[in-house]
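Remarks on the structure that follows.
The values are calculated or read from the model by the stated rules, or taken from the named source; none is laboratory data. Owing to the predicted nature of the structure, the values given are computational and were not obtained by experimental measurement. A quick note on method: Cβ atoms are made from the backbone with ideal geometry, for glycine too, and the neighbour counts reach across all protein chains shown. These accessible areas exclude ligands, DNA and RNA; they are computed on the full protein's heavy atoms, side chains included. Shrake-Rupley method; radii C 1.70, N 1.55, O 1.52, S 1.80 Å.
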Amino acid sequence: MSSLEGTIERITFHSEQDGYTVARLTPRGKNYVVTIVGKLIGVKPGETLVLEGEWRDHREHGRQFEVASYRTLMPATIDGIRRYLGSGLIKGIGPATAKKITETFGKYTLDVIEQSPDRLVEVPGLGRKKIEVIKQAWKEQQQIKDVMIFLQDLGLPTGLSVKIYKQYGDSALEVVRANPYRLADEVYGIGFITADQIAQGLGIPLDDPQRIGAGLRYTLSQATDDGHCYLPAEELISRAAALLGVSAEQAEDALNDPFVAGDIEIVWPSDVHRAAQDTCAEMDEGDLIAAPVPALLPTVAPAVYLKPLAMAEQGVASAIARLLHAPSTMADFYREANWPRVFDHLAERHAISLTERQQEAVRLALTAKVSILTGGPGTGKTTTLRTVIRLLQARGYRAALASPTGRAAKRLAEATGAEAKTIHRLLEYSPQGGSHFRRNADWPLECDLLVIDEVSMLDVLLANHLFKATPLGAHVLLVGDADQLPSVGPGRVLRDLLESQAAPSVHLDVIFRQAAGSGIITNAHRINNGELPQYQALEDFFFFSAVEPERCAALTVELLAERIPRRFAFDPRRDIQVLTPMHRGAAGVANLNRLLQEALNPAAAGKAERRYGDTVFRLGDRVIQLRNNYELDVYNGDIGAITAIDPVEQQLIVRFEDERLITYDFSQLDELMLAYALSIHKSQGGEYPVVVVPLLMQHYNLLQRNLLYTAVTRARELVVLAGDRKAVAVATRNNRVLERYTGLNERLQRACSSSRYTG
């Protein structure tokens with residue numbers, strides 16, 4: 001082993017994931033720089049390091065010092081201190097402020113900040129507010145560094161240390177040492193695998209009940225990522241035992257111990273539950289409103305839920321039953337209407353001619369407490385909905401319209417001419433208090449008709465909040481396309497509602513003449529019927545062959561950056577969206593985003609950027625939010641563009657499609673992803689002028705009819721498929737829908753069995 005001491009000049013590369021760093025260092029007493037590589041935790045330009053390691057000759061990068069271990073010495077020279085402070089180490093101190101501070105205190109600068117920070121008032125132009133920011137940031141940095149070093153010893157990603165500190169503050173190390181499994185439940189970005197790695201480093205045995213309980217919760221959580229609301233007990237035990245390396249008996253014992261399993265609910269089959277459900281269905285209106293819906297087992301074997309999901313299923317069934325039993329504010333009036341005359345009037349005065357099924361949907365929306373309207377593109381759902389709202393408003397009744405995403409809400413407002421919001425904004429999210437939503441059963445929405453569009457995207461958790469906040473006298477109209485992909489979140493609310501027949505539904509299947517001229521709509525229905533799309537003589541639907549993944553990726557970039565803009569004059573950064581089935585691979589989301597960023601928004605002198613893990617976020621980049629962040633009031637699927645990157649304040653600003661500006665700390669950048677290319681699942685609820693879809697046989701496991709149908713129906717003016725014709729054929733033929741474990745259908749059947757619509 002060799003020793004090397006010197007000062008860091010600059011960081012060439014740093015991975016937030018594993019801490020691997022490439023840096024340039026000036027050896028002590030020398031006037032040249034050398035390259036050092038290795039896991040260097042939190043080092044900054046200006047720091048002096050004492051390194052142990054070996055010199056190696058890299059085939060491409062030349063001679064490097066490979067670091068095995070190191071210790072940090074605080075910079076001793078004024079220039080070193082200035083560069084150290086101005087390197088982005090302390091939030092609020094950039095190069096200019098660092099220069100002022102070092103000019104004031106010289107070589108004693110770090111001692112002043114550490115021991116007498118109030119003396120910073122002596123720095124010209126440095127106000128009290130800024131000084132407080134610097135003091136707090138310095139304290140945080142020292143604590144974060146302690147966490148970094150602790151995690152480094154366990155071989156864990158260094159980027160997690162900031163998140164852990166922000167969650168637990170000065171008690172971060174204490175929490176990590178006492179119960180590392182808390183991190184998996186409480187810190188976004190840290191799952192069971194990482195928490196377990198910490199636990200193993202601390203010597204927690206494999207059969208520790210705390211570990212097994214955390215593994216059971218993690219296994220259920222992973223299942224919700226696949227859309228499941230529960231797992232059968234045997235399947236959960238089998239999966240968890242394999243994950244944990246313990247016996248099935250040990251996993252079962254932990255599952256049956258409420259102190260170990262924690263936030264888990266086991267729903268057992270029993271005649272008692274079934275009898276209770278039957279009794280509930282026979283209650284009169286007042287009793288049912290006051291009574292909860294008892295637990296119902298959706299399978300013969302025990303079903304194991306995370307408690308919030310069990311409560312959500314039960315809550316949705318209970319709320320819908322209450323709605324169906326409660327009297328309507330307007331149904332009596334519309335039941336007495338002369339409907340033939342109403343529809344004749346609409347045709348004569350407003351040129352609105354409705355098919356029989358559209359007329360039925362209009363009547364149901366205004367006379368049934370809960371109704372469902374489904375249909376594919378071009379079948380008249382929007383016209384039907386506009387008619388409902390027109391008739392409602394003509395009598396002075398109030399409508400509230402919402403969709404799961406901002407993009408879908410914007411489309412709904414444009415299509416109907418009425419105000420529409422996201423469901424989160426409709427329910428008035430508030431970070432204060434015990435509930436995320438101000439609108440609830442105690443303070444319901446103020447409307448006579450609640451319209452929810454794109455219901456296929458609605459997961460059971462959000463549905464529970466929505467139905468709880470619906471006033472008992474109001475009607476609910478649910479609008480969606482049951483043939484699209486189900487929600488990203490757990491459950492399959494629309495399909496369960498349809499299959500339970502808890503509420504009447506109308507399916508529109510006639511393509512209107514003006515829509516029939518669209519290749520997009522025609523091919524969407526062909527795909528949905530299991531027929532191959534047609535490409536001949538169409539001006540809005542094309543296929544380009546590229547069977548090899550690398551060639552398909554290159555063709556996708558060429559189509560988006562050059563060929564489509566040149567022929568159709570679409571803006572490649574604003575109008576065209578790439579949708580792909582997979583995240584990995586040459587034609588997957590990650591690689592396509594990298595290639596498209598390089599083509600559409602390349603690096604340039606003076607253009608700010610920030611690396612986070614393997615992603616470079618650059619000024620002007622298109623990005624998407626990956627999770628619901630209630631504190632920032634931004635939600636999974638929201639899309640925007642980066643408008644500012646501030647290395648001094650360590651913040652990045654995104655302007656979203658609704659013009660809101662959201663500020664992210666650099667530590668929150670794992671909530672964002674480049675959005676030049678999206679997975680087809682992430683595109684739900686969106687509509688784009690142009691959609692480009694790469695499809696290959698390497699996507700085989702994901703090639704399903706509803707996936708391709710969803711991708712095609714996201715386009716408004718142009719669809720371009722690229723890849724392998726065989727993959728298109730496989731997707732079109734494969735109508736196998738991945739089943740989800742959900743008990744909502746059965747809960748609805750029992751809760752609502754005495755509440756059928758009678759017309």
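A few comments on the model shown:
- In nm, spacing of pseudo-spin labels at Glu446 and Trp55 (7 Å Cα→C-beta vector): 7.9 nm
- Segment Lys129-Gln167, extension gain: residue separation times 0.36 nm, minus the distance between their alpha carbons: 11.3 nm
- Per residue, the chain reaches -11500 deg cm²/dmol at 222 nm when only DSSP H runs of four or more residues are counted, each adding -39500 (n - 2.57).
- Among 184-196, 633-645, the order from most to least packed when residues are scored by Cβ within 10 Å on average: 633-645, 184-196
- Only Cα pairs under 8 Å and 6+ residues apart enter the sum, and on that basis the relative contact order of the chain stands at 12 percent.
- Coupling constants for segment 495-502 follow from the phi torsions by the Karplus curve (6.51 cos²θ - 1.76 cosθ + 1.60, θ = phi - 60°), and in residue order they are 5, 5, 4, 5, 5, 6, 6, 5 Hz; glycine and proline get x.
- When the surface is traced with a 1.4 Å probe over the full set of protein chains, His436 keeps roughly 80 Å² accessible.
- Accessible-area value, Met311, 1.4 Å probe, nucleic acids and ligands omitted, Å²: 130 Å²
- Most tightly packed first, judged by the mean number of other beta-carbon atoms within 10 Å of their residues, the peptides 590-597, 437-444, 51-58 read 590-597, 437-444, 51-58.
- Annotation: Ser753 carries an accessible surface of approximately 60 Å², with a 1.4 Å probe and no ligand, DNA or RNA atoms counted.
- Total charge dipole magnitude, segment 188-260, about the Cα centre, Cβ charges on Lys, Arg, Asp, Glu only, Debye to nearest 20: 240 debye
- Here the 3J(HN,Hα) profile of segment 216-225, calculated from phi with Karplus coefficients 6.51, -1.76 and 1.60 at θ = phi - 60°, is 5, 5, 5, 4, 5, 4, 4, 5, 5, 5 Hz, Gly and Pro shown as x.
- Taking amide H as placed 1.01 Å from N in the peptide plane, the amide H of Gln577 sits under 5 Å from that of Val690, Val691, Val692, each at least 5 places away or on another chain.
- Here the extension length gained between Ile149 and Arg611 equals 164.2 nm, from 0.36 nm per residue of separation less the Cα-Cα distance.
- Accessible area per residue for the chain, computed on protein heavy atoms with a 1.4 Å probe, is 44 Å².
- Under 5 Å between amide hydrogens, built in the peptide plane, is the criterion, and for Tyr20 it picks out Ser15 among residues at least 5 positions away or on other chains.
- The accessible-area ordering, largest first, of the residues Val690, Val547, Val67 stands as Val547, Val67, Val690, per a 1.4 angstrom probe.
- Segments 344-355, 468-479, 650-661 sorted - mean Cβ within 10 Å per residue, highest first: 468-479, 650-661, 344-355
- Straight-distance candidates among the aspartates and glutamates for linking to Lys166, with alpha-carbon spacing under 18 Å and chain neighbours fewer than 8 residues away dropped: Glu16, Glu132, Glu140, Asp146, Glu174, Asp185, Glu186, Glu631, Glu649, Asp665, Asp670, Glu671.
- Taking each of Lys139/Lys682; Lys91/Lys468; Lys39/Lys607; Lys39/Lys107; Lys369/Lys410 in turn, the alpha-carbon distance tops 32 angstrom for Lys139/Lys682; Lys91/Lys468.
- Prolate/oblate/rounded label for segment 567-635 (Cα gyration tensor, a/c 1.5): rounded
- Subtracting the Cα-Cα distance of Glu562 and Glu122 from 0.36 nm times their residue separation leaves 152.7 nm of extension gain.
- For Val623, the amide hydrogen comes within under 5 Å of the amide hydrogens of Gly640, Ala641, Ile642, Ala675, counting only partners 5 or more places away or on other chains and with H modelled in the peptide plane.
- Probe 1.4 Å, all protein chains present, accessible-area order of His424, His61, largest first: His61, His424
- Whole-percent carbon and sulfur share, accessible surface of the chain, 1.4 Å: 48 percent
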